[in-house]
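Below: the structure, in structure tokens.
The values are calculated or read from the model by the stated rules, or taken from the named source; none is laboratory data. From a predicted model like this one, the values you see are computed outputs, not experimental measurements. Cβ placement follows ideal geometry from the backbone for every residue including glycine, while neighbour counts extend to all protein chains displayed.
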Amino acid sequence: MKSLNRSNINVQERPIRVLQFGEGNFLRGFVDWIIDLMNEKTDFNGDVQIVQPIARGLGELINKQEGLFHVKLEGIQAGELVQENRLITCVRGVNNPFEDYNEYLKLGENEDLKFVVSNTTEAGITFDSKDKSYETLPLTFPGKLTALLYHRFKTFSGDSTKGLVMIPCELIDKNGIQLKAAVLEYAKLWDLPASFTKWINDHNVFCNTLVDRIVPGFPKEKIKEIQNELGFDDNLVVMAEPFHFWVIEGPENLQYIFPASKAGLQVKFVKDQSPYRTRKVRILNGAHTALVPVAYLNGFRTVREAVEDKSIGKFIKDTIYNEIIPTLDLPKEELEQFAADVLDRFRNPFIHHELISISLNSVSKFKVRVLPSLLEYHAKTGTWPKNLTKSLAALIKFYSGKTVNESIPLKDDAPVLEFFDKIWQVEELSVIVSETLGRVDFWGEDLRKYEGLEEEVLVKLGEFEMV
């Protein structure tokens, strides 16, 4: 079996146009895959330089393979089974700033550099006042980025054309705004010149984004089989689903200088990514959360087996198309296409997604992902959606911690578990429903104020009593 390196693969070397903070599975299976396709299908002509965000990471292994690795897509797309391998050639290598801070700063001297992408976990975009100086390696990702931007600012004497476009992929709302705020905090903490702050504000772009792709990562259990299939000793294979979607909120010209949509990719450049975030939360995440208690109480243990059941499959499809989509403001065709993609993703035979793992902190998830659809549906129609109220009733039953045949391994915050443990010692279902709906700390408001909801949930809960 051949080693995977550039002496065994004829790879075109392109200008490094993207600096990537993070070498994990998601960025390699999502962003690098997209950039690789842009190189093939458009005139983007850009390579990626990765910066290792923590002292110990995959940098040594990636450099050993000279940036080369395969992305293996497996899943269902448009109702068809997809299995596809792609060799990613756009990654040049990994810089480890913990080993040589000056070499890291020199990355900012690259005239071709235009974009910064990142995925440093939800906790990565933060400001730490203990980062007292840019003279030594800052602790946080925004600190490291500020130091590099300042070095670039000085190198090019504040040239307005040398600003960068920051496209963070961290899973937090308004990630670009939060990243920019942290950079400006560091500029203030380090007493950097006002001209630098002006350069940041006027000539650098910080995009809010939304990313969506399930990337299970390295296929440890079947890596030998995959390596034999590929013909290479690739120890960096990334497994991913075929579905991908990237919403980037930024200036209009961004779609031309980062031509992902021109490459036929599901990358959308918008003035406001909020409707797409709402769509994802309500349809994808909301359907997951609404499905879990109903499917689990009916004896199912994975998403796939639940949606492939005739009854549960109809339940979740009706929930999405008839109760969630009517509450959203995007074009109906877009919403229904996204819904079809979601159901394909739920049926993916290569991803073993256990319902019990999705059930973690279900009460807070229901509040954010499902309750807005339930209340908006009622506000628009004057009636309560039968499936979403059924899901709410099932959630209450689920938190009894047991079915007729077994206990349920609940995982949630202690106050939530303590409340349900106590309330389910009461025999009257009406009391259980009333007390649960009245918990303002659970739902953000007393749900008993909505006429008819308490009665509707009580009826539905009665249907689960023999489960």
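Here are the numbers for this structure:
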| quantity | calculated |
| --- | --- |
| Qualifying residue in region 97-113 (condition: in a strand (DSSP E or B) and at negative phi) | no |
| Filter result for LEU184 (without any contact (Cβ under 8 Å) to a residue 40 or more places away in the chain and assigned to a helix (DSSP H, G or I)) | yes |
| Verdict on PHE21 being buried (at least 21 other Cβ atoms within 10 Å of the Cβ) and either touching a residue at least 60 places away in the same chain (Cβ under 8 Å) or not aromatic (Phe, Trp, Tyr) (or both) | yes |
| Close pairs from region 327-347: first closer than 13 Å to GLY313 by Cα, partner among the small types (Gly, Ala, Ser) and part of a helix (DSSP H, G or I), Cβ under 7 Å, at least 6 apart | VAL342/ALA287 |
| Residue match in region 249-258 (condition: without any contact (Cβ under 8 Å) to a residue 60 or more places away in the chain and under 18 Å from ARG213 (Cβ atoms)) | no |
| Residue under evaluation THR381, criteria (1) of a type in the set (Val, Ile, Thr); (2) modelled with pLDDT under 95; (3) over 28 Å from GLY299 (Cβ atoms), criterion not met | (2) |
| Region 251-302, subset among the hydrophobic types (A, V, I, L, M, F, W, C) and in contact with a strand residue (DSSP E or B) (Cβ under 6 Å, 6 or more places away or on another chain), residue nearest to ILE358 (Cα to Cα) | VAL267 |
| Checking VAL48 against (1) outside any strand (DSSP E or B); (2) modelled with pLDDT of 95 or more; (3) under 30 Å from GLN255 (Cα atoms), the condition it does not meet | (1) |
| Region 359-405, residues that are among the β-branched types (Val, Ile, Thr) and part of a loop (DSSP other than H, G, I, E, B) | VAL370, THR383, THR403, VAL404 |
| Cross-chain or 6+ apart pairs with Cβ under 8 Å, region 374-392 first and among the polar types (S, T, N, Q), then assigned to a loop (DSSP other than H, G, I, E, B) | SER391/VAL370 |
| Among the residues listed as ASN85, ASN95, ASN102, the single one being in contact (Cβ under 8 Å) with a residue 40 or more places away in the chain and surrounded by fewer than 18 Cβ atoms within 10 Å (Cβ to Cβ) | ASN85 |
